[in-house]
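Read through the structure below, which is laid out as structure tokens, and then see the notes.
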Ligand code: C5P
């Protein structure tokens with residue numbers, strides 16, 4: 001059971017959460033904001049690929065360890081920042097040891113870091129017995145990164161503003177995805193810096209049509225409506241991504257798109273069998289392939 005606020009933590013008490021990745025089914029940029037960020041309109045979808053975070057109570061300090069050599073476990077990690085933001089916002093003295101098992105690829109456009117931050121807020125809320133409401137956690141989340149609020153809730157949602165204003169859809173579509181993550185990562189900030197809104201052409205999505213398609217689970221309309229204006233930057237810098245998209249299409253994906261600022265591209269399929277056939281036809285490409293499906297949550301507690 002979670003501890004009461006301020007209570008002495010029993011040593012050995014642990015909380016385990018799964019933090020799920022997302023893809024963008026649409027991503028539109030409406031303009032540049034005075035704060036340097038961009039005004040977004042994006043439909044985000046949680047997918048079944050997840051990191052696992054385990055939290056163990058400690059008398060003070062935040063200590064993070066990770067199974068993945070490329071993930072920095074220092075103070076710059078968003079998990080650290082989320083834990084500190086929670087401590088500072090609510091004047092907490094409790095500490096935690098956090099173990100991250102990383103499965104979501106890094107710098108991939110799948111919100112792996114944001115998912116971990118959201119998982120940390122939910123995990124520590126339980127470990128420390130804080131009983132903070134979703135709204136209170138969302139306020140902390142918004143200060144950590146544009147996608148963290150979406151990851152707190154997950155499922156299918158429209159993200160607006162910097163990305164932090166999230167409206168969850170009443171129903172979530174149900175389909176399979178084949179993801180291709182090339183060996184390199186990209187910097188989101190650099191992609192946004194390279195964006196020229198005058199040259200996005202027909203990459204602009206019809207967001208309202210996609211919202212409707214998601215709500216009624218119209219697979220063909222979802223496949224036909226996938227658009228991301230950031231492709232205008234990332235695909236021109238990395239032409240191999242266009243080749244990966246073409247390969248996904250040839251392999252039988254019904255619709256294909258780059259997620260977020262990239263470089264992961266994904267294709268969608270109506271069922272697992274078709275998704276596995278698409279993945280099998282993609283052997284030999286210089287990219288890691290994942291087969292997964294839409295998921296209804298951003299963070300889930302694991303019973304241990
Ligand atoms: O908020 P987050 O840390 O995920 O954003 C990373 C970078 O992406 C920002 O520093 C900014 O350069 C860019 N960005 C943006 N407009 C947004 C979201 C992100 O320009 N709405």
- [ ] Write out, first by first residue and then by second, each pair whose Cβ atoms fall under 7 Å of each other, whose residues are 6+ apart or on separate chains, and whose first residue, in the range 137-154, is closer than 16 Å to residue 189 by Cβ and touching a residue at least 40 places away in the same chain (Cβ under 8 Å) while the second is within 14 Å of the ligand (Cβ to nearest atom) and assigned to a loop (DSSP other than H, G, I, E, B).
- [x] 146/162; 146/163; 146/164; 147/111; 147/163
Open item on the list: Which numbered condition in (1) within 30 Å of residue 235 (Cα to Cα); (2) free of Cβ contacts under 8 Å to residues at least 60 places away in the same chain; (3) surrounded by fewer than 24 Cβ atoms within 10 Å (Cβ to Cβ) is the only one that residue 117 fails?
Closed with: (3)
Task: Lone qualifier among 154, 163 - being on the phi > 0 side of the Ramachandran plot, under 14 Å from the mean Cα position of the chain (by Cα) and within 11 Å of the ligand (Cβ to nearest atom) - done: 163
- [ ] Enumerate the strands (runs of 3 or more DSSP E) found wholly within the range 98-205, keeping only those where 1 or more residues are within 22 Å of residue 256 (Cα to Cα).
- [x] 156-161, 176-182
TODO: Would you point out which residue out of 257, 282 is assigned to a loop (DSSP other than H, G, I, E, B) and in contact (Cβ under 8 Å) with a residue 60 or more places away in the chain?
DONE: 282
Task: Yes/no for residue 239 being on the phi < 0 side of the Ramachandran plot and in contact with a helix residue (DSSP H, G or I) (Cβ under 8 Å, 6 or more places away or on another chain) - done: no
Task: Leading residue by the ranking (farthest from the ligand (Cβ to nearest atom)) among those in the range 187-202 that are modelled with pLDDT under 95 and touching a helix residue (DSSP H, G or I) at 6+ places or on another chain (Cβ under 7 Å) - done: 199
- [ ] Return the total of residues in the range 85-116 being within 16 Å of the ligand (Cβ to nearest atom) and either more than 30 Å from residue 180 (Cα to Cα) or more than 20 Å from the chain's Cα centre (by Cα) (or both).
- [x] 1
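The values are calculated or read from the model by the stated rules, or taken from the named source; none is laboratory data. A quick note: this is a predicted structure, and the numbers were derived from the prediction, not measured. Glycine also receives a Cβ, built like all others from the backbone with ideal geometry; neighbour counts cover every protein chain displayed.
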